[in-house]
Amino acid sequence: DAPELITSPDGAWAAALCRSRIYIYSLDGTPENALSDVASRPGSAEEDRPALYDAYASLEISGSGGRICFVSADRLLHVFREVSDGSDSPEAGVIAAELLSVPELRPIGPLVRVGGAQRIVGVGPAGAVVAPHGPGADIICLRGSDLVLQRTFMRSEVRSAIAGLDRRFLLEQRGGYDVWDVGARTTVTRLVLQTRQPPFQVGYAQSGKMMW
């Protein structure tokens, strides 16, 4: 699989998550640190991964099925499934999250574990939305310098979470979308798209306009 590749809000750093390691790259414009160098290279499967010697820093990680996102210019959120020792079943694990400094990739504070959550349904500048296989969803977000868990008490299944503007998430449910404001810790509006077919994907353009 191709690595997950994201850039910081100030455009100074790129982060890549591949297999069991996170890499951080400088985007200062020099050829050796250009974003194109982070992409896969021809050769063997191992050579298709970002090279350690190209990176400013790297961190070996545990868990599986992870995602990364910048929650600020100098903070990286890593969300993953933490599997219990001695268990091969993915259902036995819980979703956990850690906060990393940029660019050193140094862990900040303790892990946040979400009991009952089995899916990472979306990540963005506001944090990460995790959910069980069923109704409900919780949001792991940054408050001050600490990660906190924000309960949404959704009564239906959250299928996906699309990062929106102003620290908001668009939470997709069967009957439409709820716009959740992380700062206000509540739903601020509900959106129903009048389309003949269910939207395949929804997102935001840089101008703030919605696309589907």
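Some notes on this structure:
- The Rg/Rh ratio of the range 122-163, with both radii computed over alpha carbons and Rh defined as the Kirkwood radius, is 0.98.
- Spread over its residues, the convex hull of the C-alpha atoms of the range 105-181 is 92 Å³ per residue.
- Label-to-label distance, nm, for residues given as LEU191 and ASP74 (7 Å Cα→Cβ offset): 3.3
- Surrounding net charge for ALA96, when Lys and Arg each add one and Asp and Glu each subtract one, Cβ distance under 9 Å: 0
- For ALA184 and ARG106, the difference between the fully extended length at 0.36 nm per residue and the C-alpha to C-alpha distance is 25.1 nm.
Read-outs throughout are calculated quantities, based only on the coordinates presented, and are distinct from any laboratory measurement. Keep in mind that what you see is a predicted model, and the values were worked out from it rather than measured. Cβ atoms come from the backbone with ideal geometry, glycine included; neighbour counts cover every protein chain shown.
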